[in-house]
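Since the structure comes first, as structure tokens, the remarks are kept for the end.
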Amino acid sequence: ALPRAASADTYPSRTVRLVVGVPAGGSPDIQARLLAQWLSERLGQAFVVENRPGGGTNIATESVVRAPADGHTLLLTTAINTWNASLYEKLNFNFIRDIAPVAGIMRVPNVMVLNPAVPAKSVPEFMAYAKANPGKINVASAGIGTAQHLAAELFKLMAGIDMVHVPYRGTAPALTDLLGGQVQFGVVALPAIQAHIRSGAVKAIGLCGARRSPAAPEIA
């Protein structure tokens, strides 16, 4: 018998789709586009970001689960992907079983922000204002069950205040209404809101974390 040569395709052998479960402009979308550019330059193949928002990222996840398991369809995951297992009674996939982790990318802190029209400059001042105006403050989130939504709900419980949750299909539309004053408060990922904080379009009153972020050391 003669030995036969075995060969494998160089990865990636064609365009790679990087699927993101939020609309363009959100923090995960920004991360995905930076990562896609770097991978394209490093590996010599196009990495294309595909936004598939909706369903608390479940639409995007299911599309990747159903794609061929050849490494040419990737999913950018966030904490919500694991939470969905308990938030949704029935899903058409098993996240732990059907998605294989490849690499950790980054940690992103959330920031509590206010529309400038709200007369508060700190968390204690905002709590006092919210308690004096129960049910009159709208809270924006990137969608039901997202990290930002759950963080806002936890704050409401801990502070003992009554605010109205307004879910959006992603961070970008939530920010549009927060900047326009249709909603007054939001918990937003730092990369998506940092430019608006620096311009004064919104007021940052607190960072959701145990310590300050090196990217925004001025926010307590």
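What are the residues in segment 70-79 that are modelled with pLDDT of 95 or more and either aliphatic (A, V, I, L, M) or under 18 Å from the mean Cα position of the chain (by Cα) (or both), if any?
Leu74, Leu75, Leu76
Take the residues in segment 126-148 that are in contact (Cβ under 8 Å) with a residue 40 or more places away in the chain and of a type outside the set (A, V, I, L, M, F, W, C), then tell me which one is farthest from Ala204 (Cα to Cα).
Gly145
Can you tell me which residue within segment 181-197, out of those that are farther than 13 Å from Val139 by Cα and modelled with pLDDT of 95 or more, is most open to solvent (accessible area, probe 1.4 Å)?
Checked segment 181-197; the qualifying residue most open to solvent (accessible area, probe 1.4 Å) is His196.
For Arg17, which of the numbered conditions (1) touching a residue at least 12 places away in the same chain (Cβ under 8 Å); (2) part of a loop (DSSP other than H, G, I, E, B) fails to hold?
Checking Arg17 against (1) touching a residue at least 12 places away in the same chain (Cβ under 8 Å); (2) part of a loop (DSSP other than H, G, I, E, B), the one that fails is (2).
Are there helices (runs of 4 or more DSSP H) fully within segment 39-126 with at least 2 residues that are closer than 28 Å to Arg212 by Cα? List them.
79-87
For segment 20-38, enumerate the residues that are hydrophobic (A, V, I, L, M, F, W, C) and either in a helix (DSSP H, G or I) or surrounded by fewer than 18 Cβ atoms within 10 Å (Cβ to Cβ) (or both).
Ala24, Ile30, Ala32, Leu34, Leu35, Ala36, Trp38
Please list, ordered by residue number, the strands (runs of 3 or more DSSP E) wholly in segment 149-220 having 2 or more residues that are in contact (Cβ under 8 Å) with a residue 60 or more places away in the chain and under 24 Å from Trp83 (Cα atoms). Step through it out loud before you land on a result.
Numbers: elements: 164-167, 185-189, 203-208.
Per the criteria, 185-189, 203-208.
The values are calculated or read from the model by the stated rules, or taken from the named source; none is laboratory data. Not measured: the values here are computed from a predicted model. For neighbour counting, all protein chains shown are included, and Cβ atoms are generated from backbone atoms with ideal geometry for every residue, glycine included. Each accessible area value is taken on the protein alone, full model and side chains, heavy atoms only, with ligands, DNA and RNA left out. Shrake-Rupley method; radii C 1.70, N 1.55, O 1.52, S 1.80 Å.
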